[in-house]
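Structure record follows, encoded as structure tokens.
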Amino acid sequence: VQLQASGGGLVQPGGSLRLSCAASGSISTITDMDWYRQRPGKQRDLVARISRGGTTTYADSLKGRFTISRDNAENTVYLQMNDLKPEDTAVYYCRVSTFSGIVYWGKGTQVTVSS
């Protein structure tokens, strides 16, 4: 499975961004699709997860601002981020899990929230 993330960039506080991550390859094996982020000097943390059936899970601190969605026909996972704050500045990574238990990571996309 190959993952291509896009949509990062520079945004002002209070702004919005939508990240996309398109999967290719053995896509029929994909189960969960996740977004993680790694803030400067911090470990990589789960932001949100969406299951094959559409069940979503969010980091508690991000509920209400971030929304994960998935288009199974396009094999793409999205992360809509609203009311962005400087502390959301991070490299955002998509990750997918497969039925075999193997996980795949995409290359990160930088999100910078600054005025």
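Each row is one residue, and each column tells you yes or no for (1) over 19 Å from PRO40 (Cα atoms); (2) at pLDDT below 95; (3) basic (Lys, Arg).
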position	(1), (2), (3)
ALA59	no, no, no
LYS63	yes, yes, yes
ARG70	yes, no, yes
LEU84	no, no, no
ASP88	no, no, no
VAL91	no, no, no
PHE99	yes, yes, no
THR112	no, no, no
Can you run down the residue pairs with Cβ atoms below 9 Å, 6 or more apart or on separate chains, where the first is in region 86-99 and farther than 12 Å from TRP35 by Cα and in contact (Cβ under 8 Å) with a residue 60 or more places away in the chain and the partner is among the hydrophobic types (A, V, I, L, M, F, W, C) and open to solvent by less than 10 Å² (accessible area, probe 1.4 Å)?
PRO86/VAL113; THR98/ILE30; PHE99/ILE30
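Of the residues that make up region 81-91, is at least one under 13 Å from LEU19 (Cβ atoms) and open to solvent by 80 Å² or more (accessible area, probe 1.4 Å)? Quick ask: steps written out before the conclusion?
So the first thing to find is which residues in region 81-91 are under 13 Å from LEU19 (Cβ atoms), and the list is 81-82, 84, 88, 90-91.
Next, only the ones that are open to solvent by 80 Å² or more (accessible area, probe 1.4 Å) stay: none.
There is no residue in region 81-91 that is under 13 Å from LEU19 (Cβ atoms) and open to solvent by 80 Å² or more (accessible area, probe 1.4 Å).
In this structure, is GLY108 without any contact (Cβ under 8 Å) to a residue 40 or more places away in the chain, open to solvent by less than 50 Å² (accessible area, probe 1.4 Å) and either within 17 Å of ARG18 (Cα to Cα) or not hydroxyl-bearing (Ser, Thr, Tyr) (or both)? Before you say what the answer is, go through the steps one by one.
Numbers: without any contact (Cβ under 8 Å) to a residue 40 or more places away in the chain: no; open to solvent by less than 50 Å² (accessible area, probe 1.4 Å): yes; either within 17 Å of ARG18 (Cα to Cα) or not hydroxyl-bearing (Ser, Thr, Tyr) (or both): yes.
So GLY108 fails the test.
Could you pull out the residue among ARG52, ARG65 that is charged (D, E, K, R), open to solvent by less than 40 Å² (accessible area, probe 1.4 Å), touching a residue at least 12 places away in the same chain (Cβ under 8 Å) and out of contact with any helix residue (DSSP H, G or I) (no Cβ under 8 Å at 6 or more places or on another chain)?
On the way: ARG52 fails: open to solvent by less than 40 Å² (accessible area, probe 1.4 Å).
Just a single option satisfies the conditions, and that option is ARG65.
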Only one of (1) without any contact (Cβ under 8 Å) to a residue 24 or more places away in the chain; (2) in a strand (DSSP E or B) fails for ALA22. Which number is that?
(1)
Any idea how many residues of region 1-12 are farther than 17 Å from LEU79 by Cα, open to solvent by 40 Å² or more (accessible area, probe 1.4 Å) and either in a strand (DSSP E or B) or touching a helix residue (DSSP H, G or I) at 6+ places or on another chain (Cβ under 8 Å) (or both)?
1
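The values are calculated or read from the model by the stated rules, or taken from the named source; none is laboratory data. Predicted model only: the values in this text are computed from it and were never measured. When we count neighbours, we look across all protein chains shown, and the Cβ atoms used for this are built from the backbone with ideal geometry, even at glycine. Just so you know, the surface numbers come from the protein's heavy atoms only, side chains and all, with ligands and any DNA or RNA stripped out. Shrake-Rupley method; radii C 1.70, N 1.55, O 1.52, S 1.80 Å.
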